[in-house]
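Working notes for the structure below.
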Amino acid sequence: TAAVAVQKGVRFSTRVDADVPLITSDWEKMRRIVSNLTSNAVKFTDAGGSVDVHASLAPGGAEVSVAVRDTGIGIPEDKHRLIFERFTQENMSTVRRYGGSGLGLSLVRDLTGMLGGRVELNSEPGKGSLFTVYFPVDESWHERAGQDEGGRHDKNHADR
């Protein structure tokens, strides 16, 4: 995706916060989710625009969020639910201009659900889109994060 962005003249950046834990999940499904979101973001962003991917520990620490923000064409609010359906894009002029099968976002929704996660969309026409996928954190990570090297529980660390 980054190579396509460079060819197209779209700035592509990624950032992973230091506190993001390893997620024990189906790596291939997670890869496909992020790949579909970033490919779409690049596809619907014109030269000079940007696509930013940011992974962080969500408030409360029960989920890791992966946010894909673009400065692309955006999606009208009344179409937000529709674009997650199979073979659907915002409108036919979008299909003619950008191509695609209309399966990418339905796949994102389905795969995210299979992993116990969820996907959210914030978008406005002409201002771009923000897709955020939330993946559950393995509860044993919290237990490991709350122990010091001797295996003793560190209450201050666990409460962060």
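Here, each number is a calculation from the coordinates, and none is a lab measurement. Just so it is clear, the model here is predicted, and its values are computed rather than measured. No Cβ is skipped: glycine too gets one built from the backbone with ideal geometry, and neighbour counts run over all protein chains shown.
Annotations
- If R0 equals 25 Å, the separation of the Cβ atoms of Arg11 and Glu77 corresponds to a calculated FRET efficiency of about 0.45.
- In a fully extended conformation the segment linking Ser35 and Lys127 would gain 31.0 nm over its present Cα-Cα distance, using 0.36 nm per residue.
- Over 23 Å between alpha carbons, listed pairs Lys8/Lys127; Lys43/Lys127; Lys79/Lys127; Lys29/Lys127: Lys29/Lys127
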